[in-house]
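I have placed the structure first, in the form of structure tokens, so that the comments after it can refer back to it.
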Amino acid sequence: MTARDDAPRRRASLLLAGAVALSVSGCALLPGQAPPSSSGEPVETLTPTPTDDATASSSTSPSGDPTGPKPQTPDPVALADDMRTYMDAASSVTIRGTLHDTERDMQMKIHAEGSTAGLAQQVTSDAGISRTTLELPGGGTMESIVVGWDHYLRVDQQWIDTRKPKLDSPLRKRVGAWVKVPRQQSPVEQYKPHRLLKSSFFGVGLTPEDVRRSPASTVPMGDEWAYLLQLNKAGKEGGNDQQRQVWLSTDGNAALLKMTYGTYPARTTLSFSDWGSSRENWKAPAGARTLKEFGDEDL
């Protein structure tokens with residue numbers, strides 16, 4: 001694998017290990033409704049949920065007035081294990097919020113939904129179906145669809161104007177059209193629900209030593225109680241700037257509801273919902289042109 005081939009993977013780790021912050025309202029504590037049935041060619045856009053970073057900067061903890069008795073806080077190690085067990089058992093999830101692009105120092109809204117199977121496997125699985133929409137500040141949209149090993153994307157003119165890909169990027173000649181990009185060079189990989197979760201909570205993303213350094217508490221989240229787990233990185237990677245805050249359901253599943261990372265304005269904020277019932281029946285776009293070479297600089 002060449003340096004060009006490996007660039008998207010490196011950028012994914014930078015994005016997830018150096019920027020995740022949440023400021024999304026109204027995330028449910030229980031799984032959502034069943035996904036809609038397929039209606040043929042998936043041409044509709046997933047609209048990222050608006051967020052208010054200025055408001056989010058004042059507090060990273062969702063407040064409220066919960067009903068019912070306050071649950072006892074579980075042991076942090078057991079809580080983290082339950083969280084990952086539930087993630088691995090669920091077949092799909094929907095993710096909404098704001099990502100911070102560390103390379104371009106830019107906030108991006110994200111709406112991703114689809115397959116999450118095989119999170120606990122040591123060998124990375126490229127199976128599954130998902131769709132992700134990214135929206136840039138002031139406009140500009142990238143849509144991507146992953147069907148197993150096949151990666152597709154399309155961008156609008158505002159995306160080109162804002163991101164300014166290299167002059168010979170094939171996307172400049174195919175604005176608004178779907179293209180199929182090589183999986184080994186795909187910048188789409190890092191935005192898959194499966195990849196977002198695996199990079200954050202499995203393997204080196206969350207080690208046993210990290211968990212042992214991570215306190216837990218029970219806090220209000222809207223009109224419900226939630227477990228708050230402060231995930232700290234151990235060793236040389238530790239420090240306040242490496243802390244992730246995750247809110248988990250208290251219904252016995254420890255379902256991940258929300259995660260924050262970083263500080264305002266470079267904060268990443270993600271909400272997680274519809275575990276096991278998110279749509280994962282997207283189809284490959286018809287007529288997409290196959291690109292033999294494609295790298296992050298083309299996007």
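Among the residues of the stretch 203-216, which ones are open to solvent by less than 30 Å² (accessible area, probe 1.4 Å) and assigned to a loop (DSSP other than H, G, I, E, B)?
Across the stretch 203-216, the qualifying residues are 206, 214.
If you take the residues of the stretch 74-124 that are part of a loop (DSSP other than H, G, I, E, B) and open to solvent by less than 50 Å² (accessible area, probe 1.4 Å), which of them is nearest to residue 231 (Cα to Cα)?
We begin by selecting, within the stretch 74-124, every residue part of a loop (DSSP other than H, G, I, E, B); these are 74-75, 90-91, 102-105, 116-124.
Pick out the ones that are also open to solvent by less than 50 Å² (accessible area, probe 1.4 Å) and you get 74, 90-91, 116, 118-119.
Numbers: 74: 15, 90: 22, 91: 24, 116: 21, 118: 22, 119: 19 Å.
Looking at the filtered set, the residue picked out is 74.
Any residue in the stretch 165-185 that's without any contact (Cβ under 8 Å) to a residue 60 or more places away in the chain: show its pairings with residues that are open to solvent by 30 Å² or more (accessible area, probe 1.4 Å) and not basic (Lys, Arg) at Cβ separation under 9 Å, as long as the two are six or more apart or on different chains.
As it stands, the answer is 175/156; 175/157; 176/156; 176/157; 183/149; 183/150, since those pairs meet every condition given.
Could you tell me how many of the residues in the stretch 165-187 are of a type in the set (D, E, K, R) and in a helix (DSSP H, G or I)? Walk me through it before giving the result.
Our first condition is that a residue be of a type in the set (D, E, K, R); within the stretch 165-187, this holds for 166, 168, 172-174, 180, 183.
Filter once more, keeping what is in a helix (DSSP H, G or I): 172-173, 183.
Selection size over the stretch 165-187: 3.
Is one or more of the residues making up the stretch 215-235 in contact (Cβ under 8 Å) with a residue 40 or more places away in the chain and over 26 Å from residue 65 (Cα atoms)?
no
Looking at (1) modelled with pLDDT of 90 or more; (2) assigned to a helix (DSSP H, G or I), can you tell me which one residue 190 breaks?
Condition not satisfied by residue 190: (1).
Scan the stretch 127-148 and tell me whether some residue there is in a loop (DSSP other than H, G, I, E, B) and of a type in the set (S, T, N, Q). Let's see the steps before the verdict.
Residues of the stretch 127-148 in a loop (DSSP other than H, G, I, E, B): 127-128, 136-140, 148.
Pick out the ones that are also of a type in the set (S, T, N, Q) and you get none.
No, the stretch 127-148 contains no residue that is in a loop (DSSP other than H, G, I, E, B) and of a type in the set (S, T, N, Q).
The values are calculated or read from the model by the stated rules, or taken from the named source; none is laboratory data. No experiment lies behind these values; they were computed from the predicted model shown. As a convention, Cβ positions derive from the backbone with ideal geometry for all residues, glycine included, and neighbour counts pool all protein chains shown. Protein only, heavy atoms only, side chains kept; ligands, DNA and RNA dropped before computing areas. Shrake-Rupley method; radii C 1.70, N 1.55, O 1.52, S 1.80 Å.
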